[in-house]
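Report on the structure given below.
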Amino acid sequence: MASRTEPLGKGQQHRMLHEGPAPDFLDSSLEWRRIFSEVWGTFLLVVVAAGADVVAAKSGGAVTLGMAVVAPGLMVMVIIYFMGTVGGAHLNPAVTLAFAARRNFPWSRVPGYILAQIAGGTAAAFFLFELFGRTGNLGATMPGPGVSAMQALAMEVLLTAGLVNTVLGTASGARNIGTNGAIAVGGYIALAGLWAAPISGASMNPVRSLAPDLVRWDFSAGWVYLVGPLAGAMIAVAFEWILKGPPTKTGTIAAQGTLDGD
């Protein structure tokens, strides 16, 4: 007797190729997993970004400025690859707020993500402090020699606007996932640091700057790295609206992979 075969639908083919559908980004029962991914991802980012400066000071310059600014970009790239589909790999309050302002991310989930990012970044700073003490100012970001606070602020606004535009332009919904997002976002972070780190430290992330300041308890330049990234993020949201118009609910859900499309 000849066996009968049924043609596979597009949804079945997708599940076979990718070993099951992606987790529902809007499923509240999985929020604990997304929160954990933000804690762990932000820990890794801050321990590399701040740690590069710490190790450079500890080793007498074995880690050069070029290495120090490229390392966080590579770290973000890796994080997007290995767990961007879980929690979105925001890793940055400016990015989370931008996604929410863009209406790609529920405002109700913003506090949890930001608290997770603060927890992960602070844990990374404490880790560095326990290993190396206050060496290299724990990798704190500060205006460069001869650079005023206002100049550093303007640079942080500009750099963060470009970063968030890159994120919004390549992310799927409110998630940094896939090759395009990983390479574009990681590459932008490295590029920004290569030319602007001597001016402001090229933080672009309030938690990356807040965490070392909190552990060493020195907030003298902290306002620059809070106001600058947040202002830059909101500018980027406005630019994204100009470039692409307002988002649609259906488009956001489809981009997050929760519509079959058959």
Exercise. Using the Karplus equation 6.51 cos²θ - 1.76 cosθ + 1.60 (θ = phi - 60°), what ³J(HN,Hα) coupling, rounded to whole Hz, does each residue of the range 93-105 give in order, writing x for Gly and Pro?
Worked result: x, 5, 6, 4, 5, 5, 4, 5, 5, 7, 6, 9, 9
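What does the accessible area per residue of the range 51-91 come to in Å², with a 1.4 Å probe and no ligands, DNA or RNA counted?
Values: 1670 Å² over 41 residues.
Averaged over the residues of the range 51-91, the accessible area is 41 Å².
What fraction of the Cα pairs in the range 124-175, stated in percent, has a spacing above 14 angstrom? Show your work: numbers first, answer last.
Numbers: 905 of 1326 pairs.
Percentage above 14 Å: 68.
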Exercise. Using the alpha-carbon centroid of each, what span in Å lies between the range 170-195 and the range 102-162?
Worked result: 17
Exercise. Taking all pairs of different Cα atoms in the range 179-245, averaging 1/r and flipping that mean, what Kirkwood radius in angstroms comes out?
Worked result: 13.5
Problem set entry | ³J(HN,Hα), Karplus 6.51/-1.76/1.60, whole Hz, each residue of the range 167-176, x for Gly, Pro | 4, 5, x, 10, 6, 9, x, 10, 10, 7
Problem set entry | Whether the range 122-212 is rounded, prolate or oblate, judged on the alpha carbon gyration tensor where a/c under 1.5 counts as rounded | oblate
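How charged is the neighbourhood of TRP241? Take every other residue with its Cβ under 13 Å from the Cβ of TRP241, and add Lys/Arg as +1 and Asp/Glu as -1. Show your work: numbers first, answer last.
Details: positive: ARG102, ARG103, LYS244; negative: GLU240.
So the surrounding residues net to +2.
Apply the Kirkwood formula to the range 69-222: the hydrodynamic radius equals the inverse of the mean of 1/r over all pairs of different alpha-carbon atoms; give it in Å with one decimal. Each step should come with its number before you reach the end.
Details: mean 1/r = 0.0631 Å⁻¹.
Final number for the Kirkwood radius of the range 69-222 is 15.9 Å.
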Exercise. Considering amide H positions built from the backbone, and no H for Pro or chain starts, which residues 5 or more places from SER172, or on another chain, come under 5 Å of its amide H?
Worked result: ILE177
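If you take the C-alpha gyration tensor of the range 47-160, multiply each eigenvalue by 5 and take the square root, what semi-axes do you get, largest first, in whole Å?
Details: eigenvalues 147, 68, 38 Å².
That gives 27, 18, 14 Å for the three semi-axes.
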Problem set entry | Under Karplus coefficients 6.51, -1.76 and 1.60, residue-wise ³J(HN,Hα) of the range 180-185 in Hz, glycine/proline x | 4, x, 4, 5, 5, 5
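The values are calculated or read from the model by the stated rules, or taken from the named source; none is laboratory data. Keep in mind that this is a model prediction, so the values were computed, not measured. Note that each Cβ is placed from the backbone with ideal geometry, even for glycine, and that neighbours are counted across all protein chains shown. The protein model used for the area step is the full one, side chains on, heavy atoms only, and it has no ligands, DNA or RNA in it. Shrake-Rupley method; radii C 1.70, N 1.55, O 1.52, S 1.80 Å.
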